[in-house]
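Trainee: The structure under discussion is supplied below as structure tokens; questions concerning it will follow.
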Ligand SMILES: CC(C)(COP(=O)(O)OP(=O)(O)OC[C@H]1O[C@@H](n2cnc3c(N)ncnc32)[C@H](O)[C@@H]1OP(=O)(O)O)[C@@H](O)C(=O)NCCC(=O)NCCS
């Protein structure tokens, strides 16, 4: 796919994330996967990496599926896809600690992450639910 075509798809994916409350600057640059129905982008996943001074590399991601297409496995395809990307990316780091940290606002998604080996933690200070998994 040409860069211009991918940029246009990534913009649509970023718009979908924004419509679902993900307000991150330049999120279109972080789009890793999209699901489409013809020319229409119906789901998108953005993927992020941070590294901390203690040597921990943390991966995280955001997902959104168009409301009209939910409950049909689109979110599952994105979730499993982004977890595969993280698994591959983590093989290219020599850092001793690699973690996935997802801030989750959606109860069914928390359960889906728990089924994939994540531990769910409530962070009372910022009142957020996080799904965490140490992968090394
Ligand atoms: C979260 C979201 C992406 C899920 O998309 P979806 O296409 O409806 O998801 P799927 O139907 O493919 O299901 C994904 C997983 O969640 C589970 N799930 C989804 N909806 C569920 C429900 N209502 N009840 C129980 N489980 C549910 C599925 O069983 C599946 O888990 P599994 O693969 O372990 O079986 C979608 O609801 C969304 O865009 N929400 C708004 C944005 C958001 O909250 N994003 C998450 C922040 S990272």
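The values are calculated or read from the model by the stated rules, or taken from the named source; none is laboratory data. Please read these numbers as outputs of a predicted model, since none were measured by experiment. Glycine gets a Cβ as well: all are built from the backbone with ideal geometry, and neighbour counts include every protein chain shown.
Trainee: Which condition from (1) near the ligand (Cβ under 9 Å from one of its atoms); (2) over 13 Å from the mean Cα position of the chain (by Cα) is the one that residue 98 breaks?
Mentor: Only one criterion is unmet by residue 98, namely (1).
Trainee: Please identify the pairs in which a residue from the stretch 52-74 that is more than 17 Å from residue 96 (Cα to Cα) has its Cβ atom under 6 Å from the Cβ atom of a residue that is near the ligand (Cβ under 8 Å from one of its atoms) and assigned to a strand (DSSP E or B), counting only partners at least 6 apart or on another chain.
Mentor: Hits for this filter: 60/102; 65/43; 74/43; 74/65.
Trainee: Give the stretch 116-132 a look and list any residue that's closer than 19 Å to residue 87 by Cα, in contact with a helix residue (DSSP H, G or I) (Cβ under 7 Å, 6 or more places away or on another chain) and not in a loop (DSSP other than H, G, I, E, B), or say none.
Mentor: 131
Trainee: Being modelled with pLDDT under 95 and either surrounded by 16 or more Cβ atoms within 10 Å (Cβ to Cβ) or farther than 29 Å from residue 1 by Cβ (or both): is that true of residue 104 here?
Mentor: Answer is yes for this residue.
Trainee: Something else about it: In the stretch 112-129, what residues are surrounded by fewer than 14 Cβ atoms within 10 Å (Cβ to Cβ) and out of contact with any strand residue (DSSP E or B) (no Cβ under 7 Å at 6 or more places or on another chain)?
Mentor: Of the residues in the stretch 112-129, the ones surrounded by fewer than 14 Cβ atoms within 10 Å (Cβ to Cβ) are 114-117, 119, 121-128.
If the condition is that a residue be surrounded by fewer than 14 Cβ atoms within 10 Å (Cβ to Cβ) and out of contact with any strand residue (DSSP E or B) (no Cβ under 7 Å at 6 or more places or on another chain), then 115, 116, 124, 125, 126, 127 are the ones that fit.
Trainee: Let me ask something additional. Can you tell me which residue among 79, 110 is in contact with a helix residue (DSSP H, G or I) (Cβ under 7 Å, 6 or more places away or on another chain) and not in a strand (DSSP E or B)? Working first, answer last.
Mentor: On the way: 110 fails: in contact with a helix residue (DSSP H, G or I) (Cβ under 7 Å, 6 or more places away or on another chain).
Being in contact with a helix residue (DSSP H, G or I) (Cβ under 7 Å, 6 or more places away or on another chain) and not in a strand (DSSP E or B) holds for just one of 79, 110, which is 79.
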